[in-house]
Structure formats: C-alpha cells, structure tokens
1. Being over 21 Å from A:Q98 (Cβ atoms), open to solvent by less than 50 Å² (accessible area, probe 1.4 Å), in a helix (DSSP H, G or I) and free of Cβ contacts under 8 Å to residues at least 60 places away in the same chain is the requirement here; does A:A19 meet it?
2. So which of A:K65, A:K76 ends up being exposed (fewer than 12 other Cβ atoms within 10 Å of the Cβ), modelled with pLDDT under 85 and within 10 Å of RNA strand B (Cβ to nearest atom)?
3. I need the full set of residues from the range A:48-62 which are surrounded by 11 or more Cβ atoms within 10 Å (Cβ to Cβ) and closer than 22 Å to A:A35 by Cβ, in order please.
4. Would you check if there is a residue in the range A:105-120 being under 30 Å from A:Q400 (Cβ atoms) and not polar (S, T, N, Q)?
5. Given the criteria over 30 Å from A:T322 (Cα atoms), in a loop (DSSP other than H, G, I, E, B) and either open to solvent by 50 Å² or more (accessible area, probe 1.4 Å) or in contact (Cβ under 8 Å) with a residue 40 or more places away in the chain (or both), does A:A160 qualify?
6. Taking A:D28 and the conditions (1) among the charged types (D, E, K, R); (2) under 26 Å from A:A202 (Cα atoms); (3) away from RNA strand B (no atom under 11 Å from the Cβ), which numbered condition does it fall short on, given that it satisfies the others?
7. Only residues in the range A:225-248 that are in a loop (DSSP other than H, G, I, E, B) count as the first member; pair them with residues that are open to solvent by 20 Å² or more (accessible area, probe 1.4 Å) and among the hydroxyl-bearing types (S, T, Y), Cβ under 8 angstrom, at least 6 apart or cross-chain, and list the lot.
8. Taking only pairs six or more apart or across chains, which ones have beta-carbon atoms under 7 Å, a first residue in the range A:34-53 that is over 12 Å from A:E84 (Cα atoms), and a second residue that is among the acidic types (D, E)?
Amino acid sequence: MIDIKFLRDNIDVLRTALANRGASIDLDSILEVDASKRSTLHEMEQLRAEQNRASEEIAKLKREKADASQQLEAMKALSGRVKELDEKVRELDADLQQRLLIIPNLPDESLPIGKDETANREERRWGTPRDFDFEPKDHVDIGAALGILDFERAAKIAGARFCLSFGAGARLERALINFFLDVHTREHGYTEVLPPFMANTASFTGTGQLPKFKDDQFVIGNEGKDLYLIPTAEVPVTNIHRDEILNEADLPIKYAAYSPCFRSEAGSYGKDTRGMIRQHQFNKVEMVKFTTPETSFDELESLTANAEKILQLLELPYRVMTLSTGDIGFSAAKTYDLEVWLPGQNAYREISSCSNFTDFQARRANIRFRRGKKPEFVHTLNGSGLAVGRTAVAILENGQQADGSVVIPAALRPYMDGIERITPLK
RNA sequence: GGAGAGGUGGCCGAGUGGUUGAAGGCGGCGGCCUCGAAAGCCGUUGUACUCCAUUGGGGUACCGCGAGUUCGAAUCUCGCCCUCUCCGCCA
C-alpha cells in the first residue's frame, strides 16, 4: 500500500510513476476523500474531548450526590452528533482504504520505462543453448513417448490445465522439490517452512492479491469459509509475521517453502494451452525475505543469485531480465525474471520471478521491526527458487536424446536413485 | 458435528458501568550499590491517528472483532472469529 502521507506530499511523483506503469488511478478524488475524512475526524474528536470532560464532571457530581441532570441533558444532544460524525468517518475511511488498496507500488528508478514486456532489459545470460543434431521435441511429446506425462487423463479428472505424471515424471518433481529445499537451506541460509496451502482474506490483502485480483484466485466455496487456495507460498509465508514487530537483530529473516500453487489463469485463454507451462496447479519452492529498508535491494541481488545457483547446478541455460515499468507486478518495486532456455519452444521462458516489494506489503500486512523508539516497516522480498513444473519441462527438453531418453543433470541424480537418464516406462 | 471453558499491555494476571492506558508481578531499559557481577533499592516502560511546538506538550482511539444499550462500556446485550477441554467423526 502507498503511504497516504506520501501521496499527499508527492502527488506528482506518484502520478508519473503510475503513468509509467500504465495504471490509471484517480488521485485527486483520493485526496478529496482523505481531506474530508480528516476534517470530519477532527470535528468528531473535539466533540469527544468535550464529552469526556463532561463525563468526568458528571461522575464527580454523582459521587458528591449532587444533581447532574442539567449536564446529562446537554450531553444527550452531543452524543447524537458524535454518533453521526463517527458513522461518516467510518464511511469515508472505508472508501479511502478501498481506493488505496488498488494503487500499485512505486516502480524503482532502475527499471526500464516501457508499456509491456518488450521493454524489459536483459541483464545477463548464463550457459549456451545446446546444438541438436536432430529436431528437438517439446516436453509434451517427450513425456508422452516416455509414458510419464498424461494430459488427457488429467483433463478427465480435473479439466484443462492440469497435469498427471507417472514414474520418473512424478519422481522428477519430488526430486526437484527436495533438491531446491536442500540447496537453499544448506547453502543459502534459508529456514524451511511448510505453510498452509489456503489462506484468508487478510493474508491475501497483505501480500496484494486482494482486493484487485480476486478473479485470479480459487475460492473455497464452503458456506461461511473465508479461504482461498494460495497462488504462491509468498502469501502464507509473508503473512507469518503479519501484525508483528520484529527485532532488528533477527533481520534478515529468510524462509524457503515448498507449496503447490493454484491459479485460475482467468484471462489467459489460448495462452500456453499445450503442456505444463501454464497450469491451474503447479509446484514451487519459494524464497521469502524480511529485511531492513536500506538492505533490501542488495538482498534482492542475493535472492536472485540464489535462484540462479539452482539453474547453474542443473546446467540449464538462462537469462536474467529486469521487468519494465509496464510489465512489473502490482506489489513489486523491482523484479528480475529468470528465463530458462526451452529447446522445444526455441525460446527463453520464465522460470523464476524475484522481487523487492519494499514497504508495500509490509504496510498492508503491518509487518514492522524496531531499532529505535518507533517501529518501522520492514521490506519484503520473494522469488521462486524455482518453479518445479517448469524446471521439469526444462530438464526434459534440454536433456533429451535422439533415442527419446532424457539425461538427468548430475546434481539431481542423488535425488533420483542415482539413475542417469529417464527411459521409456514399460 | 455436539457440550463446556476462555480471549485484558512483550509475557503472566487483577478489574464493582464513572480520574482505568488499565492494579500487581515478570521481562526490558536507565540509575544507585559493586573492582565487576548477582541480589537489593529507585525510576521508567504500548501502538496508531492528529494538533501546537525547538527539546516538548495537548487531543482522540485501541482490553479478540463488529454492532447495540447509556450522558458515559474492559465491565451490560446481541452477532461473529479464535483458542482450550470432553464426546463424535476422520488421515
């Protein structure tokens, strides 16, 4: 959430930032609601103060067994007025909050300015895409030939955009989850977390999925239940510290969590319909950090490096993109996308997204730390480390051989019972 | 799902509708004592919004959440949420 005080004092900065994002927000009417709320609140508070003074006086009179009927009469009228104003303040504040909650974060100054992904800036590449002496297949064909992926039956069970894997395919995902968590906890200093896979409205609002992106979420329909399936472990893990004041000495706090992720993919009809690139459910290991404000951008670099390390260990070629102002997500101030090379698509495709949310989520979720007298908002960051399904796709496509088998990266073999390649399932 | 108990400050724990932001204790911080420490003693100790101001001072709100009764609610009423115990069901 944008600080209302910042909005009051820096409306032009905000206007430019929102224009760069391609967001149209009526800032002037927000200022109007804010001013109206504050003046009403002020008026009400003065009447309250009067009420409190009179109340004290009445108490004193009663103790002395004196007559207080005159004061009581006067307070009756005032009480009604206070109630009116209180209701008005409540309405104005609700209106204000609603408006503030749909303002996106300020993009960092280092972002390329542009209207969409074509303006994203490539920072670096690692690895070289392999030369094939045969026509490389995509993971759907590879998986079908190996008998480890079955999209038809998945559709029978749950519909389109679901995946069903068998044998080495299923084992591959489980291996990747363990491998990712081991690297992040053993080598990168993250604490492993296993969070709830559903979360409530307050949590979803805290990280920014609600109220604006309700259509992207799967809602648990049971009567009276306030629950959504998580679209990423970012939601439950960031909300671990909602409404808390952390110790500065404990920062940065670093969590790594496996979770399945559920996305309705509303509005993406026709996009990536083939294969397991875009699913309603996929596995992911997510890294989440809570930091002090002045270290968050350095922490973003190391977080990104932690995700890159996984790709390097798996010998998968990738590139790092800085998202432009027009492509960056709602809550983020800066995002690096890691794009892995997919021979089956002859393209780099997103496999990790690493973001610094600055104080945007911390303000929404009220996550603070103390180092002086006043508590301050922390900065929150998160990044995929990595998307498991897409990593499996990358391994299948990059490791495929002319005979249809798939060579498993050496680093992963200990997690695959030591086998070197996946061969057709009988 | 059924029955019961309970939600008060960083923690524990009092609290009769009227100087209760809230007794007391613990913890934290500062000081005294000490060569140093412990013990002891003294003091201090929430958050948010807001107004005036140089340090600082004032106002309002907050006792799970929301509504109601009242001149006035931590205290009374109603609804909701959460926690615990027992039973049932279940992995």
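The values are calculated or read from the model by the stated rules, or taken from the named source; none is laboratory data. Here the structure is a predicted model, which is why all the values come from computation and not from measurement. Positions of Cβ are generated from backbone atoms using ideal geometry, with glycine treated the same way; all protein chains shown enter the neighbour counts. Accessible surface is based on the protein model in full, side chains and every heavy atom, while ligands, DNA and RNA are left aside. Shrake-Rupley method; radii C 1.70, N 1.55, O 1.52, S 1.80 Å.
1. Values: over 21 Å from A:Q98 (Cβ atoms): yes; open to solvent by less than 50 Å² (accessible area, probe 1.4 Å): no; in a helix (DSSP H, G or I): yes; free of Cβ contacts under 8 Å to residues at least 60 places away in the same chain: yes.
Against the criterion (over 21 Å from A:Q98 (Cβ atoms), open to solvent by less than 50 Å² (accessible area, probe 1.4 Å), in a helix (DSSP H, G or I) and free of Cβ contacts under 8 Å to residues at least 60 places away in the same chain), A:A19 does not qualify.
2. Values: A:K65 fails: within 10 Å of RNA strand B (Cβ to nearest atom).
Every option except A:K76 fails the conditions.
3. Once the filter is applied, which keeps residues that are surrounded by 11 or more Cβ atoms within 10 Å (Cβ to Cβ) and closer than 22 Å to A:A35 by Cβ, the range A:48-62 yields only A:R48.
4. Yes, because at least one residue in the range A:105-120 is under 30 Å from A:Q400 (Cβ atoms) and not polar (S, T, N, Q).
5. Values: over 30 Å from A:T322 (Cα atoms): yes; in a loop (DSSP other than H, G, I, E, B): yes; either open to solvent by 50 Å² or more (accessible area, probe 1.4 Å) or in contact (Cβ under 8 Å) with a residue 40 or more places away in the chain (or both): yes.
Yes; evaluated as a whole, the condition is true for this residue.
6. (2)
7. Going by the 8 Å Cβ cut-off, the qualifying pairs are A:D226/A:T201; A:A233/A:Y258.
8. A:K37/A:D93
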